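The values are calculated or read from the model by the stated rules, or taken from the named source; none is laboratory data. Only a predicted model underlies this, so the values are computations on that prediction, with no experimental measurement involved. Every residue, glycine as well, gets a Cβ built from its backbone with ideal geometry; the counts of neighbours run over all protein chains shown. SASA here: full protein model, heavy atoms, side chains in, ligands and nucleic acids out. Shrake-Rupley method; radii C 1.70, N 1.55, O 1.52, S 1.80 Å.
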Amino acid sequence: MKTIGVLTSGGDAPGMNAAIRAVVRSAIYYGYKVLGINRGYRGILEEDIEEMGLSSVGDIIQRGGTILKSSRCEEFKTEEGRVKAVEVLEKYGIDYLIVIGGDGSFRGAEKLSELGFPAIGIPGTIDNDLAYTDYTIGFDTAQNTVIDAISKIRDTSSSHERINIIEVMGRNCGDLALFTGLAGGAESIIIPERVMDVEEVAQRLETTQKRGKKHSIIVLAEGVEKIESAGFLKDKLTELGNFDVRVTVLGHVQRGGSPTAFDRVLASRLGFKAVELLIDGKSSRVVGIKNNEIIDLPIKEALQEKKEIDKNIYEMAKILSM
Ligand code: ADP
Ligand code: F6P
């Protein structure tokens with residue numbers, strides 16, 4: 001009987017549990033043994049590993065976070081660390097590793113594959129920053145969390161005729177800010193891929209105010225060059241004009257919560273596909289979704305694709321927010 005190891009790594013994302021469930025249940029169905037590795041790559045090095053049965057993944061499809069815990073592990077970034085990791089995986093009789101995480105976690109999986117250890121990646125991150133797939137697990141739930149917050153802030157913004165800046169996560173990727181800014185009807189969306197000068201933001205505010213629109217929502221992605229933070233933007237705007245500005249940094253609220261139906265279905269499909277790949281004797285690959293079809297490709301190729309913002313959506317959002 002072959003054994004699959006499964007772990008979650010990097011920033012957690014709603015739907016990771018649904019992916020773990022899909023991996024465990026489909027693997028057992030097809031006759032594999034499954035070992036769950038706690039705390040990502042760190043759990044390999046610390047030998048924090050236990051067998052998972054069908055019932056160990058019961059009642060988790062609706063839960064945010066990850067029952068396997070997650071972490072970031074510096075030691076695994078070293079060659080020595082990874083050689084040790086392979087020794088541990090072999091010691092536990094693990095034949096294949098399934099890694100649920102973002103691009104950093106995939107780089108780890110790629111390096112394991114280079115050492116000859118078969119690994120498969122399932123994209124799980126709220127950032128949606130992997131170019132080869134239309135969606136990563138957790139992005140849809142995070143979008144809905146952000147939109148809920150924007151709607152609430154919009155109420156008070158309108159009552160007080162204020163400018164509200166909402167800072168959202170995304171690391172270096174503007175997807176979360178762009179799509180929530182569009183869906184939340186933001187007047188300005190500022191993302192790393194389209195750096196805007198503070199002067200331009202102020203200009204837009206003045207134009208909308210002259211038209212009689214007294215309140216404005218600005219969705220700001222983290223990681224925008226020249227704009228260090230929402231607080232920085234607020235200070236600069238108040239220097240430039242007579243603006244009454246409030247700031248909300250949404251932070252880790254975006255990483256939690258019960259996954260949406262979309263994320264649960266996506267996670268289930270991707271987890272199932274990852275196991276199917278192993279059955280077909282394929283590894284060193286990642287799974288993803290393109291045009292609603294589940295796809296797979298070599299990890300190396302997936303990581304080489306450069307994530308771009310959808311410029312049509314960006315331009316459209318700009319027009320609709322006037
Ligand atoms: P994410 O997977 O969400 O992008 P990180 O970038 O923090 O999260 O990566 C998660 C973990 O993956 C890191 O803590 C490290 O253990 C491993 N990792 C990241 N980059 C590399 C790399 N270049 N080589 C080996 N392991 C890596
Ligand atoms: O990758 C997910 C993410 O939430 C990013 O959006 C953010 O930049 C980062 O992780 C925050 O990481 P931490 O968990 O270390 O606060």
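Working out 0.36 nm times the residue gap between E305 and D235, then minus their Cα-Cα distance, what length gain in nm do you get to one decimal?
Working: separation 70, 0.36 × 70 = 25.20 nm, distance 3.70 nm.
Length gained between E305 and D235: 21.5 nm.
Would you pull out the residues with amide H under 5 Å of V286's amide H, same chain only if 5 or more places away, H placed 1.01 Å from N?
The list, which skips near neighbours in sequence, is G121, L297, I299.
Taking Cα atoms, how many degrees apart are the long axis of helix 311-320 and the longest axis of the chain, rounded to 10 and kept between 0 and 90?
Compared with the principal axis, the helix lies near 30 degrees.
Amide H to amide H under 5 Å from E167: which residues, 5+ apart in sequence or cross-chain, H placed 1.01 Å off N in plane?
Amide H to amide H, under 5 Å and 5 or more residues apart or across chains, E167 pairs with L220, T248, V249, L250.
Based on the alpha carbon coordinates of segment 141-255, what radius of gyration and maximum Cα-Cα distance (Dmax) apply, in Å?
Both quantities, over Cα of segment 141-255: 12.8, 38 Å.
Could you pull out every residue, at least 5 positions away or on a different chain, whose amide H is within less than 5 Å of the one on K2? Hs are placed 1.01 Å off N in the peptide plane, and Pro or chain starts have none.
Here K33 satisfy the definition.
Cross-link candidates for K318: which lysines have Cα within less than 19 Å, leaving aside residues fewer than 8 places away along the same chain?
Counting by Cα, and skipping residues close in sequence, K318 has these lysines nearby: K210, K213, K214.
Once you have the Cα-Cα distance between A131 and E200, take 0.36 nm times their residue separation minus that, and quote the gain in nm to one decimal.
Length difference between fully extended and current span is 21.9 nm.
Rounded to whole Hz and in sequence order, give me ³J(HN,Hα) for segment 174-191 from the Karplus expression 6.51 cos²θ - 1.76 cosθ + 1.60, θ = phi - 60°, writing x for Gly and Pro.
x, 4, 4, 5, 5, 6, 6, x, 5, 5, x, x, 5, 6, 9, 10, 10, 10
Along the Cα-to-C-beta direction of R107, a point sits 7 Å from the Cα; which residues of segment 141-177 have their amide N less than 16 Å from that point?
Hits in segment 141-177 for R107 at 16 Å: 171-173.
Normalised by the number of residues in the chain, what is the relative contact order in percent for Cα pairs under 8 Å and 6+ residues apart? Write down the numbers at each step before the final one.
On the way: 703 pairs, mean separation 72.4, N = 322.
The value is 22 percent.
List, in order, the whole-Hz ³J(HN,Hα) value for each residue of segment 227-236 obtained from phi through the Karplus relation with A = 6.51, B = -1.76, C = 1.60 and θ = phi - 60°; use x for Gly and Pro.
Each residue of segment 227-236 in turn: 10, 5, 6, 5, x, 4, 4, 4, 4, 5 Hz.
How big is the dipole moment of segment 141-255 about its Cα centre under a simple scheme where the beta carbon of each Lys and Arg is +1, that of each Asp and Glu is -1, and everything else is neutral? Debye, nearest 20, please. Don't skip to the answer; put the middle values down first.
Details: 15 positive and 17 negative charges, 74 e Å.
Using Cβ point charges on Lys, Arg, Asp and Glu, segment 141-255 gives about 360 debye.
Could you look at the chain and say what percent of its accessible area is carbon and sulfur, using a 1.4 Å probe and all protein chains?
Working: 6570 of 14060 Å².
Carbon and sulfur: 47 percent of the exposed surface of the chain.
Suppose every Lys and Arg Cβ carries +1 and every Asp and Glu Cβ carries -1, with no other charges. What dipole size does segment 45-86 come out with about its Cα centre, to the nearest 20 debye?
The calculated dipole for segment 45-86 is roughly 260 debye.
How are the alpha carbon pair distances in the chain distributed across 20 Å bins from zero to the largest one, expressed in percent?
Bin by bin from 0 Å, the calculated values are 33, 48, 18, 1.
How far is helix 79-91 tilted, in degrees, relative to the longest principal axis of the Cα atoms in the chain, given as a value from 0 to 90 rounded to the nearest 10?
Relative to the chain, helix 79-91 is tipped by roughly 50 degrees.
Determine the per residue accessible area of segment 141-255 with all protein chains present and a 1.4 angstrom probe, expressed in square angstrom. Each step should come with its number before you reach the end.
On the way: 5180 Å² over 115 residues.
Here the per-residue accessible area is 45 Å².
Could you tell me how far the Cα centroid of segment 172-213 sits from the Cα centroid of segment 11-41, in Å?
If you average the Cα positions of each part, the centres end up 39 Å apart.
Evaluate 2.2 N^0.38 Å with N set to the residue count of segment 148-211, then give the Cα radius of gyration divided by it.
1.14
With only Lys, Arg, Asp and Glu charged, each at its Cβ (+1 for the first two, -1 for the last two), find how big the charge dipole of the chain is about the Cα centre; round to the nearest 20 debye. Numbers along the way, then the final one.
Values: 41 positive and 48 negative charges, 128 e Å.
So the dipole magnitude of the chain works out to roughly 620 debye.
I'd like to know which of I189, L233, I217 lies farthest towards the positive end of the charge dipole of segment 141-255, counting +1 on Cβ of Lys and Arg and -1 on Cβ of Asp and Glu.
I217
Report the local net charge at N292: Lys and Arg +1, Asp and Glu -1, summed over other residues whose C-beta lies under 11 Å from its C-beta.
Counting the neighbours of N292, the net charge comes to 0.
Quick one: 3J(HN,Hα) in Hz for segment 36-43, Karplus 6.51/-1.76/1.60 with θ = phi - 60°, rounded, Gly and Pro as x.
x, 10, 7, 6, x, 4, 4, x
Please work out the average accessible area per residue across segment 14-110, using the 1.4 Å probe convention, and give it in Å².
Details: 4170 Å² over 97 residues.
On a per-residue basis, segment 14-110 sits at 43 Å².
By how many degrees, 0 to 90 and rounded to 10, does the Cα axis of helix 261-279 deviate from the longest principal axis of the chain?
The two axes meet at around 30 degrees.
Indicate, rounded to the nearest 5 percent, the antiparallel portion of the DSSP beta bridges found entirely in the chain.
Beta bridges within the chain, antiparallel portion: roughly 25 percent.
Assuming 0.36 nm per residue, please report the length gained on full extension of the stretch T3 to K91 beyond their Cα-Cα distance.
Working: separation 88, 0.36 × 88 = 31.68 nm, distance 1.18 nm.
Here the segment from T3 to K91 would lengthen by 30.5 nm.
Kindly identify segment 62-125 as rounded, prolate or oblate by the Cα gyration tensor criterion: order the square roots of the eigenvalues as a ≥ b ≥ c, call it rounded if a/c is under 1.5, otherwise compare a/b with b/c, prolate if a/b is larger, else oblate.
prolate
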